[in-house]
Amino acid sequence: MNIAQLKQEIIQYSKTIGVDKIGFTTAAPFAELRNRLIKQRELNYQSGFEEDDIEKRVNPRLLLDGAESIISIAVAYPSKMTERVSSKKGERRGIFSRASWGLDYHMVLRERLRKLETFMAEKVPDAQFRSMVDTGELVDRAVAERAGIGWSGKNCSIITPEFGSYVYIGEMITNIPFAPDAPIEDRCGDCRKCLDACPTGALVQGGQINASCCISFLTQTKELIPEEFRDKIGNRLYGCDSCQTACPENKGMDFHLHPEVEPEPEIVKPLLKPLLNLSNRQFKEQFGTLSGSWRGKNPIQRNAVMALAHFKDKEDIETILNVLQNDTRPVLRGTAAWAIRKIAGKEAIRLLEAALEKEMDDSVRKEIINALKR
């Protein structure tokens, strides 16, 4: 078997199945990454969504016996909508981050990786594979960086020369010993625009993020969001693009190469008030194909309440008051109490005092009392 020829055949085939960039690296451990991950854990900068076992995150050979190589793939996604919907008084809208536009990227990349596995298995019958996207043990960004897909930017995203950071990435571990590609030189230099643009200061320094205060993470949590971050979330329903849109490498980057990742404006920038009334089934029917739906409707509806507060439209008070008075979920009621204070002005005192008389949940009562104090 000619490994070099097989590598070229894989590269050519990948272009026919919608892979925009492909790179190869060894299955050697990510030694430097291990130290960074240990430091992140010590600083409590992790999100909690990661694999607990750091050794599995840095040693591919623990995940596939006989592993020799890792193939990294990238698929570009759009940064702009071809059709737009506007947010206006009485019809305010929230927004899903660009990485959640179109069909769930986990499905998009897994399909391409499956096709690559099938293609390679036909060429090498005894080949073995272990593919993963985002939820696997390996750190996708570290693999992509070493495989030459792009460099790891100060915003903790992989930045490609061709598509900026607007790419989904995934990888495949295999026992085929491919020659590795060379990493790409870091082009961030002295630029710190992403760090300055981060609304919460989650980008502690170039390449280091405190996930616990990253808006992208906060929008996915299920608890009450700490009050210090609520104003900063704005009308974001899921995720955050501030560090990407600030990046000079992303200027002019907008690729519409794959129909399945094209955004539907009414879905990725939905009206907020109707969103609050959706049942679980309705939410799944409307948003279930988005990667941003993975935590269910509760976090999205909580974020929608904060988004209404962000716009400060007095005519939305009745909608938020209905949440405070009638919603069965303490997190939603507590968030609504905060939102009432933001919008209702002096009228908030009467509304919040009336709610406090009826409220039995301690966490919600605390939110109402805090709102009254302010």
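The values are calculated or read from the model by the stated rules, or taken from the named source; none is laboratory data. These numbers come from a predicted model, not from an experiment. Reconstructed Cβ throughout: ideal geometry from the backbone, glycine too, with neighbour counts over all protein chains shown.
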Those helices (runs of 4 or more DSSP H) lying entirely in the stretch 1-104 with at least 1 residues of a type in the set (Ser, Thr, Tyr): 3-16
Every residue from the stretch 110-126 that is hydrophobic (A, V, I, L, M, F, W, C) and in contact (Cβ under 8 Å) with a residue 60 or more places away in the chain: Leu116, Phe119, Met120, Val124
Qualifying helices (runs of 4 or more DSSP H) (wholly inside the stretch 207-251; at least 2 residues being within 21 Å of Leu276 (Cβ to Cβ)): 215-218, 227-233
Failed item, numbered, when Asn155 is tested on (1) within 26 Å of Thr219 (Cβ to Cβ); (2) assigned to a helix (DSSP H, G or I); (3) polar (S, T, N, Q): (2)
Hey, Arg146 basic (Lys, Arg), surrounded by 18 or more Cβ atoms within 10 Å (Cβ to Cβ) and at pLDDT 95 or above or not: yes
All positions within the stretch 182-195 that are crowded, with 17+ Cβ neighbours inside 10 Å and part of a loop (DSSP other than H, G, I, E, B): Pro183, Ile184, Cys188
Some residue of the stretch 16-28 being loosely packed, with under 12 Cβ neighbours inside 10 Å and either closer than 24 Å to Glu117 by Cα or within 22 Å of the chain's Cα centre (by Cα) (or both): yes
Pair list, Cβ < 8 Å and 6+ apart or interchain, from the stretch 132-143 residues that are under 15 Å from Ile209 (Cβ atoms) to residues that are part of a loop (DSSP other than H, G, I, E, B): Val139/Phe30; Asp140/Val133; Asp140/Asp134; Arg141/Cys156; Arg141/Ser157; Ala142/Phe30
Flag for Ala344 being surrounded by 14 or more Cβ atoms within 10 Å (Cβ to Cβ) and either modelled with pLDDT of 95 or more or touching a Cys at 6+ places or on another chain (Cβ under 7 Å) (or both): no
